[in-house]
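Readers should treat all values here as calculations from the given coordinates under stated rules, not as data from a laboratory. Quick caveat: nothing in here was measured; it's all calculated off a predicted structure. Counting neighbours? That spans all protein chains shown, and the Cβs are built from the backbone with ideal geometry, glycine included.
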């Protein structure tokens, strides 16, 4: 597995590189945002670990640039910024997971493995429908009533989980682990924020609503 680590602190970068190489990963380092963008776009990596506070371009900007060209590569943001707004901004930029410094290497490794499992379990070409709502998991497109709906990467993943489990009430824990990975901070309201984002794009303006809240249990997507 080839991993790109974009981190401007040499000690942190070296710590991650040493630990991952001991687990048989091949690690490439970048110490600034511009180099990280170039490597992330020009080279095929199985995973990208990305700091936020970087020279030239910050991590959120780097993530957005890479996402324009690499839709599938898992991106893990690693940073000292740990507020809900910071996490939302990181996920909105296209990241798949978010780990706050300081961290234990064992947790980082567990999150990496979880992201790679989710990546390998993806089923490109799969299409889900619910009424006039259609999601193409290969093309990464969403249509409702024949009109295309533009979603962020994280919104798309959340909708994919809901569509794949259509008619089933999903707990917040299930959604958190499926969309954001293990050890998600369940004390935040990020799930509610993203459900509202989806509702505003999927259901707003339509008389029939697809996404429903089941009080005390979670959320369900219905035809």
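Assorted remarks:
- Stretched out straight at 0.36 nm per residue, the stretch from residue 64 to residue 222 would grow longer than its current Cα-Cα span by 53.7 nm.
- The value for the chain of Rg(Cα) / (2.2 N^0.38 Å) is 1.03.
- Region 12-78 and region 192-223: distance between their alpha carbon centers, rounded to Å: 33 Å
- Taking the alpha carbon gyration tensor of region 130-223, multiplying each eigenvalue by 5 and rooting it gives semi-axes of 21, 15, 12 Å, largest first.
- Spin-label model, residue 53/residue 116: points 7 Å from Cα along the beta carbon direction are separated by 3.0 nm.
- Contour excess over end-to-end distance, with Cα ends at residue 204 and residue 129 and 0.36 nm allotted per residue: 25.2 nm
- Rounded tilt (10° steps) of 105-121 against the dominant C-alpha axis of the chain: 50 degrees
- Sorting the segments 48-56, 23-31 by their residues' average number of neighbouring beta-carbon atoms within 10 angstrom, most packed first, yields 48-56, 23-31.
- Distances between every pair of Cα atoms in region 2-121, grouped in 5 Å steps from 0 to the bin holding the largest one, split as 2, 12, 25, 28, 22, 10, 1, 0 percent.
- Protection-proxy order for peptides 101-109, 37-45, 70-78, each taking the mean of Cβ atoms within 10 Å per residue, highest first: 70-78, 37-45, 101-109
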